[in-house]
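Remarks on the structure that follows.
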Amino acid sequence: MNRAQLLDEAARTAKAVPQPAPGTGREEDEVLAAYGVQRELVQLRLDRGDRLAGVKLGFTSEGKRRQMGVHDLILGQVTEGMAVADGADIDISGFIHPRVEPEVVYLLGRRIATVADALAPDAVVAVAPGIEIIDSRYENFRFSLADVVADNTSAAGFAVGPWQPYDPGAWNRGVVFELDGRAVHVGSTAAILGDPRRAVVEAARLAAAVGVELEPGWLLLAGAATPAEPLVPGSHVRTEIQGLGSVSFTARPAAEVAA
Ligand code: OOG
Ligand code: MG
């Protein structure tokens with residue numbers, strides 16, 4: 001099995017694989033090769049009938065970079081099969097060691113192939129609060145930058161709240177991330193690349209590495225503004241973004257999943 005097939009099987013069987021031995025090449029070459037693995041990995045999902053829903057950025061905030069010990073931005077791809085409905089009650093027994101984090105989600109209004117497209121007034125047409133489920137396919141959630149790029153940036157699920165018209169002036173909004181009704185992290189959308197609008201420019205730049213052009217109607221998950229938290233059976237997870245509303249879901253208790 002090649003690397004993409006191994007990672008795909010890890011996700012399908014909910015069994016982590018060992019982190020690969022460190023590469024010997026230059027990191028930038030390894031990361032570029034890893035985007036090729038990601039492309040193959042996502043293609044395996046598409047071959048089973050799933051469809052691309054958009055892209056996500058990772059490590060756009062200092063909080064996340066520090067938590068995971070990495071230093072650079074990464075891009076992953078999200079599919080319709082990963083979507084979790086707002087307010088849903090979900091079975092998490094198919095994940096390995098899922099974590100959740102608050103996201104800002106943008107709705108793209110045009111095809112974006114270049115940085116100029118990313119800066120066009122209709123690049124982003126709406127914005128919503130989101131929650132991402134990440135589930136590294138590597139043991140102990142440990143990886144290098146190239147490893148996590150190959151693993152489609154740990155992408156496993158996402159929930160999107162109500163859409164609001166995009167207001168480029170309102171980039172500094174409070175983010176409250178709650179578990180079981182308690183605020184566990186409080187942050188600001190300004191923690192995402194300083195200004196989350198830069199996310200669109202960075203996404204356009206990195207998407208070229210996996211050979212995709214961003215499409216109108218696609219989502220862009222701009223990256224968590226705070227560190228991630230473990231998602232356990234019974235957890236109720238909620239993100240509220242000031243002025244944008246909230247999104248939530250519940251992980252079904254283990255007893256109900258077994259029943
Ligand atoms: C990689 C995914 C990072 C974010 O929002 O920063 C990410 C990981 O932490 O496993 O999605
Ligand atoms: Mg994320």
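FYI, it's all coordinate maths here, none of it is from the lab. All values derive from a computational prediction rather than experimental measurement. For neighbour counting, all protein chains shown are included, and Cβ atoms are generated from backbone atoms with ideal geometry for every residue, glycine included.
Some points to look at:
- log10 of Debye I(q)/I(0), alpha-carbon scatterers only, for the stretch 80-121 at 0.16, 0.18, 0.31 Å⁻¹: -0.69, -0.77, -1.30
- Sequence-distant contacts, meaning Cα pairs under 8 Å at least 6 residues apart, place the relative contact order of the stretch 1-142 at 26 percent.
- Centre separation in Å (Cα based) which lies between the stretch 16-53 and the stretch 155-188: 28
- Among beta bridges from DSSP that stay inside the chain, the antiparallel ones total about 85%.
- Three-way shape call for the stretch 52-202 based on the alpha-carbon gyration tensor, with the a/c threshold at 1.5: rounded
- Proportion of all alpha-carbon pairs of the chain beyond 31 Å (%): 18
- Packing here is the average count of other Cβ atoms within 10 Å per residue, and on that basis the peptides 181-189, 6-14, 18-26, 70-78, highest first, run 70-78, 6-14, 181-189, 18-26.
- Relative contact order of the chain, defined on C-alpha pairs under 8 angstrom at six or more residues apart (%): 28
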